[in-house]
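Notes follow once the structure below has been shown.
The values are calculated or read from the model by the stated rules, or taken from the named source; none is laboratory data. On a predicted model such as this, the values are computed, not experimentally measured, just so you know. Note that each Cβ is placed from the backbone with ideal geometry, even for glycine, and that neighbours are counted across all protein chains shown.
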Amino acid sequence: MFYYFVKYLLTPFLYIFFFPKIIGRKNTKIKGKAIIISNHSSMGDPLLLSATFHRQILWMSKAELFEHKLTAALFNGVRSFPVHRGESDLPAIRHAFRMLRDGEILGIFPEGTRVKSEGIRDFESGTALLALKSKAPIIPVYIKGDYKLFRRMTLTIGEPILLSEHIGEGPKSQTTERATLFLQNKLLEMREALN
């Protein structure tokens with residue numbers, strides 16, 4: 001499979017140049033459906049996460065990456081799928097639900113774009129909504145480092161979170177809002193633990 005070819009081709013280089021420290025490695029051994037969320041500062045983030053987790057991660061990626069034939073072939077080859085940012089992309093949402101129903105692992109950057117600083121931008125609500133409706137556990141990851149050669153990257157991988165166990169009842173919009181804020185605060189806590 002093309003995904004694993006790319007993964008095992010690039011993984012040695014990632015470990016040689018950035019020798020990542022993995023905190024919570026036991027949480028990479030996922031059975032069944034799940035959603036991996038992470039902060040996002042670099043194009044290297046999905047590569048590093050894919051190298052760290054045992055199973056294939058299906059990445060939800062911005063639609064602009066699929067506009068050129070070469071990059072579209074690459075992203076389609078690793079079963080990434082496009083989402084149009086800033087709008088309600090129903091085909092992408094339906095595809096994500098199908099993948100979770102089939103027991104796959106989705107990778108989502110809930111900030112919606114790269115954030116160059118170590119801060120965390122407000123999360124988009126789609127990730128929490130997807131997790132609540134699919135009942136998929138969320139694996140939170142915080143990535144620390146700036147991908148400078150021979151400088152260590154650190155990944156903190158949290159335990160699986162079932163949002164239904166943390167978010168109370170209420171109108172759907174309020175529940176999604178609370179869940180989104182809960183996930184954002186979880187990554188902030190993980191960041192603070194590294195400082």
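A few remarks follow.
- When the residues of region 58-101 are filtered to those that are of a type in the set (Gly, Ala, Ser) and either at pLDDT below 85 or part of a helix (DSSP H, G or I) (or both), the one that is farthest from Thr127 (Cα to Cα) is Ala73.
- Close pairs from region 33-48: first surrounded by 18 or more Cβ atoms within 10 Å (Cβ to Cβ), partner in a loop (DSSP other than H, G, I, E, B) and polar (S, T, N, Q), Cβ under 9 Å, at least 6 apart: His40/Thr113; Ser41/Ser117; Asp45/Asn39; Pro46/Ser80; Leu48/Ser42
- Count of region 153-195 residues which are part of a loop (DSSP other than H, G, I, E, B) and touching a helix residue (DSSP H, G or I) at 6+ places or on another chain (Cβ under 8 Å): 9
Yes/no matrix, rows are residues, columns are (1) closer than 30 Å to Phe19 by Cα; (2) surrounded by fewer than 16 Cβ atoms within 10 Å (Cβ to Cβ):
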residue	(1), (2)
Leu155	yes, no
Glu159	yes, yes
Ile167	no, no
Thr180	no, no
Lys186	yes, no
Leu194	yes, yes
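Condition check ((1) among the hydrophobic types (A, V, I, L, M, F, W, C); (2) in contact with a strand residue (DSSP E or B) (Cβ under 7 Å, 6 or more places away or on another chain)) across all residues:
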{"site": "Ile37", "(1), (2)": "yes, yes"}
{"site": "His54", "(1), (2)": "no, no"}
{"site": "Ile57", "(1), (2)": "yes, yes"}
{"site": "Met60", "(1), (2)": "yes, yes"}
{"site": "Glu64", "(1), (2)": "no, no"}
{"site": "Thr71", "(1), (2)": "no, no"}
{"site": "Leu74", "(1), (2)": "yes, no"}
{"site": "Arg79", "(1), (2)": "no, yes"}
